[in-house]
Amino acid sequence: MRTTKKEPKTYSTETELIYGKTVSKKWDFNHHVVPPISSSSTFRLDSAKRGAQGFAEFAHHAEGVTIESCAPIYVYDRLGEPNKEMLEENLATAERGEMAVTFSTGMAAVSAALGSLTGMGDEIIAHNIIYGCTYSLLTNWYPRYKITTQFVDMKELSSVKKAITPRTRVIYFESPVNPTLELIDISAISEIVKEINKQRTPERKIYVVIDNTFASPYCQRPLELGADFVLASLTKGICGFGTDMGGVVVGPRWSYDIIMLYRKDFGGALAAKSAWPILVYGLPSLPTRMRQQMSTAMEVATFLENDSRISYVSYPGLKSFPQYELAQKQMRDYDGNFAPGSILFFSLKGKTPKIRRDRGEKVINSLAKKAYTITLAVSLGHIRTLVEHPSSMTHSAIPLAEQIKKGIDPGGIRLSIGLEKPRDIIRDLSEALKIL
Ligand SMILES: *Cc1c(COP(=O)(O)O)cnc(C)c1O
């Protein structure tokens, strides 16, 4: 153990994401500067007694014991091992939560959060545009367990209020919404739920659960805005380099044991070999990457906004963004600076949806063939700029008329800004737009 204990609390969050807890109970190394990769699926137990204690203590924290203060008895990787637990400490710090549990993918985190908080007969209220696989989870799988979902437009606070029934247990949304980038007012919705919860017993409380993948904790911390749980795909901005998949749920202390049990039994544990690069490279570099990517996103958004072939650009950092005021309220970095994220959505002009969709595809195809700095690929938040056409790709399962109703313009293109020089991205974009 290191004997010189430094107190991270007196340092800034950004610095803390590099060093973590300087003395972590999750690892007993003396002289490593970087934590070693843990690559052991099982752990030696010195005695039957230690084995029994390891099983007994798993997901059974005594009241008042902090998660950080526990030196765990490691038994088996799926239950817990050092790399993911150090990453969990740092993710809790990043999201300003009391605890974090990691998962093998973002979807494993989504299903663990919702699966731990609901049971037969319960109802979820979700925004009417959500990540495709989350939509499939709610509509194809949960009805089998008699868990139903109402989809409402959460930009309208009154429709959220109206939708709540005695069966409601979870309010679920993403903000910014994928791919339109529209925002949902996190603190306003949390306030509504807090009011309603005053009349409910603890067993029937409603929880506000937010998928924070798009913003990343650097740009937005839903727990500080009143949400109960925040989850994210680590595959995107937090890993940042496009090398590993992962997910995380961050929330209150009391939920730690049940979410750990869910992970143990449903099995979506993050591989230690994936936890390590996120712990060592991804999370420590998130603030620096985000700052650069946001500044480039602003330049690219401004360039697109001034191009006559573009009908509109949706980027929360632009003054023309319809919810600019809300963006300024809830998207803030750790120092309180405006942090509108690194993803933008823009749409091409065209009289009919069909013309716009064809144009969108044309521009995408041209980028795919010719651009050096822009890659046609799903995912986002990477150091490489990624582009996709939601209408014909990620959101193609939604019929065209329905897409338009939901604000997914068929001519819309989603751009996730990377670390390339802004002028190189702009050069590739202007080259591709010439095809119109
Ligand atoms: C990618 C993504 C997910 C799912 O994450 P995986 O790591 O791919 O399982 C969930 N929500 C949002 C908003 C995403 O972008």
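The values are calculated or read from the model by the stated rules, or taken from the named source; none is laboratory data. Everything numeric here is computed off the predicted structure, so don't read it as measured data. Virtual Cβ from ideal backbone geometry, glycine too; neighbours counted across all protein chains shown. Protein only, heavy atoms only, side chains kept; ligands, DNA and RNA dropped before computing areas. Shrake-Rupley method; radii C 1.70, N 1.55, O 1.52, S 1.80 Å.
Cβ-Cβ contacts under 8 Å between residues 6 or more apart (or on different chains), taken from a first residue in the range 74-86 that is under 16 Å from P36 (Cβ atoms) to a second residue that is surrounded by 20 or more Cβ atoms within 10 Å (Cβ to Cβ) and of a type in the set (F, W, Y), are listed as E81/Y74; P82/Y74; N83/W276. Does the range 238-253 include one or more residues that are in a helix (DSSP H, G or I) and either open to solvent by less than 20 Å² (accessible area, probe 1.4 Å) or away from the ligand (no atom under 16 Å from the Cβ) (or both)? Checking the range 238-253: at least one residue is in a helix (DSSP H, G or I) and either open to solvent by less than 20 Å² (accessible area, probe 1.4 Å) or away from the ligand (no atom under 16 Å from the Cβ) (or both). Considering only residues in the range 109-162 that are of a type in the set (K, R) and closer than 30 Å to V378 by Cα, the one that is least open to solvent (accessible area, probe 1.4 Å) turns out to be K155. Is it true that S274 is part of a helix (DSSP H, G or I), within 13 Å of the ligand (Cβ to nearest atom), under 24 Å from S38 (Cβ atoms) and open to solvent by 10 Å² or more (accessible area, probe 1.4 Å)? Yes: the conditions hold for S274. When the range 172-202 is filtered for residues that are away from the ligand (no atom under 16 Å from the Cβ) and hydrophobic (A, V, I, L, M, F, W, C), the ones remaining, listed by number, are A188, I189, I192, V193, I196.
A count restricted to the range 138-162 and to residues that are within 27 Å of K264 (Cβ to Cβ), hydrophobic (A, V, I, L, M, F, W, C) and either part of a loop (DSSP other than H, G, I, E, B) or away from the ligand (no atom under 16 Å from the Cβ) (or both) stands at 1.
Quick check on T149: is it closer than 24 Å to Y218 by Cα and of a type in the set (V, I, T)?
Numbers: closer than 24 Å to Y218 by Cα: no; of a type in the set (V, I, T): yes.
Criteria not met by T149.
Within the range 372-421, being in contact (Cβ under 8 Å) with a residue 60 or more places away in the chain, within 16 Å of the ligand (Cβ to nearest atom) and among the aliphatic types (A, V, I, L, M) holds for L380, A397, I408, L415, I417. Flag: I206 does not match the condition of being at pLDDT 95 or above, within 13 Å of the ligand (Cβ to nearest atom) and either touching a His at 6+ places or on another chain (Cβ under 6 Å) or among the β-branched types (V, I, T) (or both). For the range 163-177, which positions are in a loop (DSSP other than H, G, I, E, B) and open to solvent by less than 10 Å² (accessible area, probe 1.4 Å)? Within the range 163-177, S175, P176, V177 qualify.
Does S347 satisfy the condition of being more than 30 Å from Y76 (Cα to Cα), more than 21 Å from the chain's Cα centre (by Cα) and open to solvent by 10 Å² or more (accessible area, probe 1.4 Å)? Spell out how you get there, then give the answer.
Working: more than 30 Å from Y76 (Cα to Cα): yes; more than 21 Å from the chain's Cα centre (by Cα): yes; open to solvent by 10 Å² or more (accessible area, probe 1.4 Å): no.
Judged against the criteria, S347 is not a match.
Checking L386 against (1) under 21 Å from N212 (Cβ atoms); (2) part of a loop (DSSP other than H, G, I, E, B), only one condition comes out false. Which one? Evaluating L386 over (1) under 21 Å from N212 (Cβ atoms); (2) part of a loop (DSSP other than H, G, I, E, B) leaves (2) as the failure.
When the criteria are applied in full, G407 fails the requirement of being touching a Cys at 6+ places or on another chain (Cβ under 9 Å) and in the same structural domain as D307 (by TED's automatic domain parsing).
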